Amino acid sequence: MPGARPNILLIVIDCLRADRTFDPDRSAQTPGLHALAERGVLFSHLITANSMTIPCMTTMFTGMYPARHGVRAMVGARVADDVPLLAEVLRENGYHTYAEASGPLSPFYRLDRGFDHYELRDGVKSSLLGEWGDELIARFRDGAFREPWFAYLHLWGVHRPRQILPEFNKPEYGRTEYDRAISSYDARLRELLRVIDEDNTIILVTGDHGEKIPENNLENRVEFFKKSLSKGTTGKASSSWVRARRKAVASLRSCWFSAARVLHRAGVLESPLVSVTGHGYHVYDSLVRVPLVIAGGPVPAAGRRISQQARQIDILPTILDLAGLAEDAPPAAEGRSLRPLMQGKTLPAVPAFIETCQNSREPSSFYGIRHDGYKYAFDANNPKVPEELYDLSADPGETRNLAAMMPEKAAALRALISGHLAQAGAAVSMTDEMSDMEMAGLAEHLRKLGYVE
């Protein structure tokens, strides 16, 4: 019966870090998101399954880790048709489903399954901060969505190129462009949430993954250098000049990574990734720790902040549980509902498994785990890459690698990752191959966004 179930609004802000949004030492101004958290619950340590958009969104929509749903690279992999998606489950239970996607979320990946309306827009030209945002707010205000509705909004403006409202492009709204973009989006989200019937709507705000941003002189210089190199690489792929520039950028980037590793082994650099920015290449908390705010509808209005580790695979079962559809969760979903924690109850601590992602057809071999207060990471295919172990309680910035000093702990966590990977593809069939025409179309879409050269 229409209206018998709560509406569901899932807002995913690309590259949204938890620390830059909610931690006490943040410089971004986020009164809107803080007010929403006060009306509901904040999970301050939601750990993503990957550090790139497509594997993360596939995880969010399936409740499965990449090792199980099979989408572990940006090119050539898409979720199999026999894997149930969140929108499909909700539509089968009477929901009208709408998606406003952006960035790399092309229908090629088949994450549009289950949506009555799936719009892929240019996240820069059609921004929440501009005319498109005005129109979107008006649609919610004027009841354009049939109840009960599930609306998924993927917002691009915190991702590069950062989008900042002119009045927010000041130091008081953030130390960096990244922080000022968060402040800008917080202000616009406040306008959006004012027109939502919160009593009858479950509202979730999260990030698909995080982002490493320039934090020191060296990183700022490298960022400036990268921007200067990238100028002139956004034209049509058929342009020989554009192709040459892209190849040059890719070659220089590869050379820098190799040189940085040599300098690290020689003791010149503290880390081989000291000047790397962006996302996708590692499992540091800056890349995989995102916030999750849940408010409205049946959510306890307690202003509770939960620091216990939650996982991206838990979002699907939590949404279904809050909507009264816990029994309809797909059997292959690996996550669990976070509702007990929201009610002040306890849940056993469980590990969060993490992968990195390649801009190619091949999955990455770099894996991580966050468990029992530690983070461990290693490259399964390259023994020359040092394994890493961090005590997150004593070293939340992940600056002191303890792998050599705590080999037993490192081995135990590595064994958990190995056991997790051994289950890859065991529950469902893996993704099918794209046709040559589909691959060409997807590659061109990703080139325009800067994901592939």
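Annotation: Leu105 fulfils all but one of (1) modelled with pLDDT of 95 or more; (2) surrounded by 18 or more Cβ atoms within 10 Å (Cβ to Cβ); (3) of a type in the set (A, V, I, L, M); the unmet one is (1).
Tell me, please, whether a residue that is assigned to a loop (DSSP other than H, G, I, E, B), in the same structural domain as Glu88 (by TED's automatic domain parsing) and over 24 Å from Leu111 (Cα atoms) can be found in the stretch 132-146. There is at least one residue in the stretch 132-146 that is assigned to a loop (DSSP other than H, G, I, E, B), in the same structural domain as Glu88 (by TED's automatic domain parsing) and over 24 Å from Leu111 (Cα atoms).
Gly335 fulfils the conditions (1) modelled with pLDDT of 90 or more; (2) not assigned by TED's automatic domain parsing to the domain that holds His45 except for a single criterion, (2). For the stretch 150-181, a residue qualifies if it is within 20 Å of Asp134 (Cβ to Cβ) and among the hydrophobic types (A, V, I, L, M, F, W, C), and the qualifying residues are Ala151, Leu153, Leu155, Trp156, Val158, Ile164, Leu165, Phe168, Ala181.
Applying the criterion of being basic (Lys, Arg) and within 16 Å of Asn200 (Cα to Cα) to the residues of the stretch 1-50, the residue that is surrounded by the most Cβ atoms within 10 Å (Cβ to Cβ) is Arg5. Does Trp149 count as more than 23 Å from Ala28 (Cα to Cα) and either buried (at least 17 other Cβ atoms within 10 Å of the Cβ) or in contact with a Ser or Thr (Cβ under 8 Å, 6 or more places away or on another chain) (or both)? Judged against the criteria, Trp149 is a match. Among the criteria (1) more than 28 Å from Val350 (Cβ to Cβ); (2) free of Cβ contacts under 8 Å to residues at least 60 places away in the same chain, the one Gly32 does not fulfil is (2).
Only one of the numbered conditions (1) surrounded by 24 or more Cβ atoms within 10 Å (Cβ to Cβ); (2) free of Cβ contacts under 8 Å to residues at least 60 places away in the same chain; (3) of a type in the set (A, V, I, L, M) is not met by Ile164, and that is (1). Considering the stretch 319-404, the qualifying strands (runs of 3 or more DSSP E), each wholly inside and each with 1 or more residues that are surrounded by 19 or more Cβ atoms within 10 Å (Cβ to Cβ) and touching a Gly at 6+ places or on another chain (Cβ under 6 Å), run over 352-355, 374-379. Do we find that Asp122 is over 23 Å from Tyr185 (Cβ atoms), in the same structural domain as Leu165 (by TED's automatic domain parsing), more than 15 Å from the chain's Cα centre (by Cα) and surrounded by fewer than 24 Cβ atoms within 10 Å (Cβ to Cβ) in this structure? No; evaluated as a whole, the condition is false for this residue. Quick check: anything in the stretch 287-310 at pLDDT below 90 and buried (at least 19 other Cβ atoms within 10 Å of the Cβ)? Within the stretch 287-310 (the criterion being at pLDDT below 90 and buried (at least 19 other Cβ atoms within 10 Å of the Cβ)), the answer is no, since none of the residues qualifies. Comparison of Glu167, Glu147 shows that the only residue that is among the acidic types (Asp, Glu) and within 27 Å of Ile319 (Cα to Cα) is Glu147. Residues that are touching a Lys or Arg at 6+ places or on another chain (Cβ under 9 Å) and on the phi < 0 side of the Ramachandran plot within the stretch 1-22 comprise Pro2, Arg17, Ala18, Asp19, Arg20, Phe22, listed in sequence order.
The values are calculated or read from the model by the stated rules, or taken from the named source; none is laboratory data. From a predicted model like this one, the values you see are computed outputs, not experimental measurements. Here the Cβ is made from the backbone with ideal geometry for all residues, glycine too, and neighbour counts use every protein chain on show.
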